[in-house]
1. For segment 60-96, which positions are over 21 Å from VAL136 (Cα atoms) and surrounded by fewer than 16 Cβ atoms within 10 Å (Cβ to Cβ)?
2. Within the set of pairs 6 or more residues apart or between chains, which connect a residue that is among the acidic types (Asp, Glu) inside segment 149-170 to a residue that is open to solvent by 100 Å² or more (accessible area, probe 1.4 Å) and part of a loop (DSSP other than H, G, I, E, B) with Cβ atoms less than 9 Å apart?
Amino acid sequence: PFLVWFWEQSPDFHRIHSPYCYDYYFYLKNTPQKGAERPRQKEYIAMRLRLSKDQLNSALSIVTRALPSRTTMPILEGIYLEAEGDHAKMICTDLQKGIETDLPAMILEEGSTVLPGRLFTEVARKLPDGDVEISVEEGTITMDCLFSHTTLQAQDPEEYPSLPTVESAIPIVVGQLK
């Protein structure tokens with residue numbers, strides 16, 4: 001009875017289930033005590049933008065060509081999205097090649113994030129036709145399009161590697177074949 005009462009009163013008291021024994025209770029000594037400071041979570045920059053589904057899918061079909069299928073760095077499996085001014089920028093790289101594309105969008109709040117690459121692309125393709133609103137707050141991406149509402153987990157944009165800058169090259173603009 002005392003152990004059951006203590007279990008209900010203390011979050012530091014844990015219950016172990018094992019196929020070899022019945023319920024055992026134990027107390028973790030290295031868990032933080034009540035009132036102790038917990039490590040702060042990273043603060044993500046809030047961001048909101050609105051664009052058409054066709055523009056979003058067109059940009060995703062361009063940048064996902066550089067999305068690696070397997071990598072040792074999980075951040076590379078994402079698509080970097082930055083919203084500033086009157087356009088949004090998407091970047092995807094596998095550290096050997098990188099693709100950057102601009103897309104027109106109505107920026108409601110400037111910021112940046114890293115989207116989960118393959119999952120975000122699949123969700124964007126299945127959205128109904130119309131304007132898509134993408135908002136990011138506290139590491140959560142929310143996509144709203146007509147009656148569709150999707151929530152995904154964002155990654156920290158600070159960890160995404162930047163593309164190398166080329167200063168003395170001739171730019172080549174390549175259109176997409178349809």
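The values are calculated or read from the model by the stated rules, or taken from the named source; none is laboratory data. What you see is a predicted model; the values in this text were computed from it and never measured. Positions of Cβ are backbone-derived with ideal geometry, glycine not excepted, and every protein chain shown enters the neighbour counts. Surface accessibility is based on the protein's heavy atoms, side chains included, excluding ligands, DNA and RNA. Shrake-Rupley method; radii C 1.70, N 1.55, O 1.52, S 1.80 Å.
1. Pass one, segment 60-96, residues over 21 Å from VAL136 (Cα atoms): 61-62, 65-73, 93-96.
SER61, ARG65, SER69, ARG70, THR71, THR72, MET73, LEU95, GLN96 - these are the residues of segment 60-96 that are over 21 Å from VAL136 (Cα atoms) and surrounded by fewer than 16 Cβ atoms within 10 Å (Cβ to Cβ).
2. If the second residue must be open to solvent by 100 Å² or more (accessible area, probe 1.4 Å) and part of a loop (DSSP other than H, G, I, E, B), the pairs left are ASP156/LYS42; GLU158/LYS42.
Here is a yes/no grid of residues against (1) in contact with a Gly (Cβ under 6 Å, 6 or more places away or on another chain); (2) basic (Lys, Arg); (3) modelled with pLDDT under 90; (4) closer than 20 Å to GLU158 by Cβ:
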| site | (1), (2), (3), (4) |
| --- | --- |
| PHE26 | no, no, yes, no |
| ARG38 | no, yes, yes, no |
| MET47 | yes, no, no, yes |
| LEU60 | no, no, no, no |
| ARG65 | no, yes, no, no |
| GLN96 | no, no, yes, no |
| GLU100 | no, no, no, yes |
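Rundown of residues vs (1) in contact with an Asp or Glu (Cβ under 7 Å, 6 or more places away or on another chain); (2) farther than 17 Å from GLU82 by Cβ, yes/no style:
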{"residue": "LEU115", "(1), (2)": "no, no"}
{"residue": "THR121", "(1), (2)": "no, yes"}
{"residue": "ASP129", "(1), (2)": "no, yes"}
{"residue": "GLU138", "(1), (2)": "no, yes"}
{"residue": "ASP144", "(1), (2)": "yes, yes"}
{"residue": "PHE147", "(1), (2)": "no, yes"}
{"residue": "VAL174", "(1), (2)": "no, yes"}
